[in-house]
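Colleague: Attaching a single structure in structure tokens format; questions to follow.
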Amino acid sequence: MKSPAVLPFKPCTVSWAVLLALTTISFELGAGASGRMLMAAVLALTLIKGQLVVSHFMGLRRVRLEWRIAMAAYLAAVGGVIALAYSIT
Amino acid sequence: MKYQSQAVAKPYFIAALALFVGQIVFGLIAGLQYLYGTFLFPELPFDVAHMSHTNLLIVWLLMAFMGAAYFIVPEEAQTELYSPKLALLTFWVFLTAGALTIAAYLFVPYAHLAAITGNAVLPTMGRGYLEQPLPTKIGIVLVALSLLFNVTMTLIKGRKTSINLILVGSLWGLALLFLPAFYFPQDTVKASFGWWWIVHGWVEGDWELILGALLGFILIKMTGVDREIVEKWIYIIVAMTLVSGIVGIGHHYYYTGAPSYWIWLGSIFSALEPLPFMLLIAFSFKMLLARRREHPNKAAMLWAMGTPIMAFLGAGLWGFMITLAPAQYYMHGTNFTAAHGHLAFFGAYAMVSLAIISYAMPLLRGRVANSAAAQRWEMAGFWIMVLSMIGIALALTGAGIVTVVLQRAAADPMPFMQVQDKERVFFWLRELAGVGFFVGLLVYLRSFFISGEYEYAGEMKRALAT
Amino acid sequence: MNAEASAIRAQPLPGDFAIWIFIFAELTVFGVLFAAYAFARSAHLELFNAAQLGLNRVYGYVNTLLLVTSSYFVARASLSIKAGRSTACGHWLVGALGLGGCFLVVKLAEFHQDFAQGITLSANLFDMFYLSLTFFHFMHVVMGMAILAVVARKAYAGRYSAADHTGVETGGSYWHMVDLVWIILFALVYVIH
């Protein structure tokens, strides 16, 4: 299989580094103030992390559109329900 | 039939169907007693009719599961049964013990029965489904041990397929989960834990695995789909059953005195219990579509396809309706529970038993499939029974709604017996649907008395002519 | 999108189709648990905020790093077998298993500390959710490791190849799912407050 040689590293290696960085950012954010901004920021980072795992670890970026939509919809649904529950307090 | 010793399944299946008839007769009597409380009193009071109805259910399902095990395990292991003689002896012991127990219910007052069977020494009697006197309970354990010894030895000396491992494993589970029957402490909280572990450890856990194994076996045989594919699905269904069922059993612990976290854990996990049934539907229909052959036993295929759907309706949907803690607060023990119990027991376990009987009985009688005429009777029986059972469930659901509105959730609750009076129309509908079910059962049984086997040539000619 | 790229995107799901049915079922289970947590929190905000302070977030952070890295190793194992390198595939999987083992050790240490602090299922609603969610996930890590161990053994035995490596992707997909739900769980239980 030909892979586009745009990056000097494998896509999953880049994803891994990004995941570690985003985890650290979330963790640091959580040490600070609480509230809606924190919720929104961490939730957004988490969904990005989830999508990275789905696309580059599970390898779903190569599969048919329905499956990618199904997985993205799952993440969006979970994120949406959490955001909804947290915003009604 | 590939192995001679599979023939021991035959008496089990026949006895199962005979006991099934008994169960329905007691059901009709008990149903009528809802309308005319003194019907057959004092010869056959409601509690005895009710107890016979539920106990016969358990016994005939166990008979059918045992028959299924004696039929499937040798075929899957590709070897004769370890001891056909022991299996046959066990059958007669079980049947005699079952018959004696029912006779004792009918002719000996329950309190007297408890006194003469040593209930004072080791109290076990008096709980729903576990009314059996001590000697019967010990008998059930011995029968189960004999079955386990026989099928496990067969498994050890033969081929170890996944279907066989799951089937034999879940039979072990069935036996082990019966042991809390001997645990009946004074403390009502502990006692109710023990009770639920048996009744619902079976129907929401272990028996679902048996169901999966039986359905897997039937579909491998009938569709010709690769065993590997079927087994993968069965593993997934088993895993999902355990994921949802083990903690999901917590929906029985609400308001019983158990710690309050069960209200959350039980609600969440039991809400997920329909998932394995959805997977079962997906699995069966995928196998049906992927079939590589047209099996002449159309009736067995109808049972096999009907089982997951009815199980989903009865166990999944009707179960979900009453499972969340706030809903159960009002609905527990009303006729909602009875509606769920009827549809789930029939849809899941009675139907899978009838499916394996439908598949195996023609083979045990020396033919691949019954004649087309016999199958028409059997399939007519299927539809009448299924539709009648849905009727029973709907009528009981109606009665349940009345109880919740007038009694459970009312600001000024109406007394119990007055509510029962308001529900008479639903009890009539239930009884009529019950009669319909009995007719369906007779139509179904009629199919066994039509001789002859499926004739390919004749059926082909008929199909081409039309 | 050019023709070549769309051809690449038309591949079937990695691994056995049946595992994907299971993965979606599992994701549903966790989704329901997360939703229940979120709404329970809304109803008992102060209790949750107070009880959440009892957690040592470092445990959660370290465990996220461990699990993400483990998931990365599994992705590398998959790449290795696609290049036909069975032994490398086995090594990556053993590495992933080691990290999974570390996750379990850290989690057990955390549980030990929790119990010493008096965190129990009955203590309060947050503790109930925290313990159930993480224990439920813990059991999934154990199961995922059992699957990876079987796959690793078969990889070393040369049972997979560049042409036939469905097993690696089947086990791998399940493991990534375990990682994915932990990422959400970490944010939900440890971070957002």
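The values are calculated or read from the model by the stated rules, or taken from the named source; none is laboratory data. These numbers were taken from a predicted model, which means no experiment stands behind them. Every residue, glycine as well, gets a Cβ built from its backbone with ideal geometry; the counts of neighbours run over all protein chains shown. Just so you know, the surface numbers come from the protein's heavy atoms only, side chains and all, with ligands and any DNA or RNA stripped out. Shrake-Rupley method; radii C 1.70, N 1.55, O 1.52, S 1.80 Å.
Colleague: Wholly within region C:1-94, which helices (runs of 4 or more DSSP H) include no fewer than the required count, namely at least 1 residues that are touching a Cys at 6+ places or on another chain (Cβ under 9 Å) and aliphatic (A, V, I, L, M)?
Modeller: On the way: elements: C:3-9, C:17-43, C:45-52, C:57-82.
Passing ranges, in order: C:57-82.
Colleague: Looking at this structure, is A:F27 in a helix (DSSP H, G or I) and either at pLDDT below 95 or surrounded by 14 or more Cβ atoms within 10 Å (Cβ to Cβ) (or both)?
Modeller: Yes, satisfied.
Colleague: Continuing with the same structure: What number of residues in region A:55-87 are out of contact with any strand residue (DSSP E or B) (no Cβ under 7 Å at 6 or more places or on another chain) and closer than 17 Å to A:S15 by Cβ? Spell out the reasoning first.
Modeller: Step one: filter region A:55-87 for residues out of contact with any strand residue (DSSP E or B) (no Cβ under 7 Å at 6 or more places or on another chain), giving A:55-61, A:64-87.
Next, only the ones that are closer than 17 Å to A:S15 by Cβ stay: A:55-61, A:68, A:71-72, A:75.
Within region A:55-87, residues that are out of contact with any strand residue (DSSP E or B) (no Cβ under 7 Å at 6 or more places or on another chain) and closer than 17 Å to A:S15 by Cβ number 11.
Colleague: For region B:173-188, which positions are in contact (Cβ under 8 Å) with a residue 12 or more places away in the chain and surrounded by 15 or more Cβ atoms within 10 Å (Cβ to Cβ)?
Modeller: Scanning region B:173-188 gives B:G173, B:L174, B:A175, B:L177, B:F178, B:P180, B:A181, B:F182, B:F184.
Colleague: Another question, then. Does region C:100-109 contain at least one residue that is away from chain B (no Cβ under 12 Å) and within 30 Å of C:A43 (Cβ to Cβ)? I'd like the intermediate steps shown before the answer.
Modeller: Here is the first cut: in region C:100-109, the ones away from chain B (no Cβ under 12 Å) are C:100-109.
Narrowing further to those that are within 30 Å of C:A43 (Cβ to Cβ): C:107.
Looking through region C:100-109, at least one residue is away from chain B (no Cβ under 12 Å) and within 30 Å of C:A43 (Cβ to Cβ).
Colleague: Residue check: is C:V168 at pLDDT 95 or above, aliphatic (A, V, I, L, M) and in contact with a His (Cβ under 9 Å, 6 or more places away or on another chain)?
Modeller: Details: at pLDDT 95 or above: yes; aliphatic (A, V, I, L, M): yes; in contact with a His (Cβ under 9 Å, 6 or more places away or on another chain): no.
Judged against the criteria, C:V168 is not a match.
Colleague: Checking B:I384 against (1) touching a Phe, Trp or Tyr at 6+ places or on another chain (Cβ under 9 Å); (2) at pLDDT below 95; (3) open to solvent by 40 Å² or more (accessible area, probe 1.4 Å); (4) not charged (D, E, K, R), which single condition isn't satisfied?
Modeller: It fails just one condition, (2).
Colleague: Please state which of the following conditions B:Q6 fails to meet, knowing it meets all the rest: (1) touching an Asp or Glu at 6+ places or on another chain (Cβ under 7 Å); (2) open to solvent by 20 Å² or more (accessible area, probe 1.4 Å); (3) within 21 Å of B:A355 (Cα to Cα).
Modeller: Only one criterion is unmet by B:Q6, namely (2).
Colleague: Taking region A:27-56 as the region of interest, how many residues are over 22 Å from A:W16 (Cβ atoms), among the aliphatic types (A, V, I, L, M) and more than 7 Å from chain C (Cβ to nearest Cβ)? Quick ask: steps written out before the conclusion?
Modeller: At the first step, the residues of region A:27-56 found to be over 22 Å from A:W16 (Cβ atoms) are A:31-40.
Applying the additional criterion that residues be among the aliphatic types (A, V, I, L, M) yields A:31, A:33, A:37-40.
With the extra rule that they be more than 7 Å from chain C (Cβ to nearest Cβ), the set shrinks to A:31, A:33, A:37, A:40.
Adding up the residues that qualify gives 4.
Colleague: Further question: Say we look at region C:47-62 and pick out the residues that are at pLDDT below 95 and either more than 10 Å from chain A (Cβ to nearest Cβ) or on the phi > 0 side of the Ramachandran plot (or both); which of these is surrounded by the most Cβ atoms within 10 Å (Cβ to Cβ)?
Modeller: Among those that are at pLDDT below 95 and either more than 10 Å from chain A (Cβ to nearest Cβ) or on the phi > 0 side of the Ramachandran plot (or both), it is C:L55.
Colleague: It is to be established whether one or more residues within region C:173-193 are within 14 Å of chain A (Cβ to nearest Cβ) and assigned to a loop (DSSP other than H, G, I, E, B).
Modeller: If we filter region C:173-193 for residues that are within 14 Å of chain A (Cβ to nearest Cβ), which is where we start, we get C:173-193.
If we keep only those that are assigned to a loop (DSSP other than H, G, I, E, B) as well, we get C:192-193.
Yes, because at least one residue in region C:173-193 is within 14 Å of chain A (Cβ to nearest Cβ) and assigned to a loop (DSSP other than H, G, I, E, B).
Colleague: From B:A103, B:A87, B:A111, grab the single residue that is part of a helix (DSSP H, G or I) and crowded, with 18+ Cβ neighbours inside 10 Å. Quick ask: steps written out before the conclusion?
Modeller: Numbers: B:A103 fails: crowded, with 18+ Cβ neighbours inside 10 Å; B:A111 fails: crowded, with 18+ Cβ neighbours inside 10 Å.
The conditions single out B:A87.
Colleague: When you go through (1) open to solvent by 30 Å² or more (accessible area, probe 1.4 Å); (2) under 21 Å from B:T241 (Cα atoms) one by one for B:G341, which number turns out not to apply?
Modeller: (1)
Colleague: Which pairs turn up if I take residues in region C:167-187 that are open to solvent by 10 Å² or more (accessible area, probe 1.4 Å) and look for partners that are among the charged types (D, E, K, R) and modelled with pLDDT under 95 with beta carbon separation below 6 Å, at least 6 apart in sequence or on another chain?
Modeller: C:T170/C:D16
Colleague: Determine whether C:L65 is within 8 Å of chain A (Cβ to nearest Cβ), open to solvent by 20 Å² or more (accessible area, probe 1.4 Å) and closer than 21 Å to C:L180 by Cβ. Before the answer, list the steps.
Modeller: Values: within 8 Å of chain A (Cβ to nearest Cβ): yes; open to solvent by 20 Å² or more (accessible area, probe 1.4 Å): yes; closer than 21 Å to C:L180 by Cβ: yes.
For C:L65, the condition - within 8 Å of chain A (Cβ to nearest Cβ), open to solvent by 20 Å² or more (accessible area, probe 1.4 Å) and closer than 21 Å to C:L180 by Cβ - is met.
Colleague: Quick test for you: out of B:G366, B:G319, B:G381, B:G306, pick the one residue that is touching a Pro at 6+ places or on another chain (Cβ under 9 Å) and touching a residue at least 40 places away in the same chain (Cβ under 8 Å).
Modeller: Numbers: B:G366 fails: touching a Pro at 6+ places or on another chain (Cβ under 9 Å); B:G381 fails: touching a Pro at 6+ places or on another chain (Cβ under 9 Å); B:G306 fails: touching a Pro at 6+ places or on another chain (Cβ under 9 Å).
Answer to the check: B:G319.
Colleague: Please pick out the residue among C:F22, C:F34 that is open to solvent by less than 10 Å² (accessible area, probe 1.4 Å) and at the interface with chain A (Cβ under 9 Å from one of its Cβ atoms).
Modeller: C:F34
Colleague: When you look at A:L20, is it under 19 Å from C:L27 (Cα atoms), within 9 Å of another protein chain (Cβ to nearest Cβ) and at pLDDT 95 or above, yes or no?
Modeller: Numbers: under 19 Å from C:L27 (Cα atoms): no; within 9 Å of another protein chain (Cβ to nearest Cβ): yes; at pLDDT 95 or above: yes.
So A:L20 does not fit the description; no.
Colleague: Answer with yes or no whether B:F46 is over 22 Å from B:A175 (Cβ atoms), surrounded by fewer than 20 Cβ atoms within 10 Å (Cβ to Cβ) and out of contact with any helix residue (DSSP H, G or I) (no Cβ under 9 Å at 6 or more places or on another chain).
Modeller: Numbers: over 22 Å from B:A175 (Cβ atoms): yes; surrounded by fewer than 20 Cβ atoms within 10 Å (Cβ to Cβ): yes; out of contact with any helix residue (DSSP H, G or I) (no Cβ under 9 Å at 6 or more places or on another chain): no.
When the stated conditions are applied, B:F46 does not pass them.
Colleague: From the residues in region A:36-58 that are open to solvent by 10 Å² or more (accessible area, probe 1.4 Å) and of a type outside the set (A, V, I, L, M), which one is nearest to the chain's Cα centre (by Cα)?
Modeller: Checking each candidate, the answer is A:Q51.
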